[in-house]
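Accompanying notes for the structure given below.
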């Protein structure tokens, strides 16, 4: 089972870091959503050993749902 290393920060200050072991990347994100206190604007860096981490930002959709968006990616 893959291990995903993550760090969670807001306004440039790291709040939480750890390892999530899950079957898939989506499951890892779900685990973080369920077990971490998240707010709009949070930045998540997550990856597996040997590869650079992906960076996401916590955003609110037009429907008011909080979700992760690739950091630096323009909204559609």
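Derivation of every value follows stated rules applied to the coordinates shown; laboratory data play no part. The structure displayed is predicted, hence computed values, not measured ones.
Rounded to the nearest 10 degrees, the inclination of helix 25-35 to the longest alpha-carbon principal axis of the chain is 70 degrees. In summary, the chain shows an alpha-carbon radius of gyration equal to 1.07 times the 2.2 N^0.38 Å reference for compact globular proteins. For the range 10-51, the orientation-averaged shadow of the C-alpha convex hull comes to 3.5 nm² (one quarter of the hull surface). Extension gain, residue 14 to residue 49: 0.36 nm times the residue separation minus the Cα-Cα distance gives 10.6 nm.
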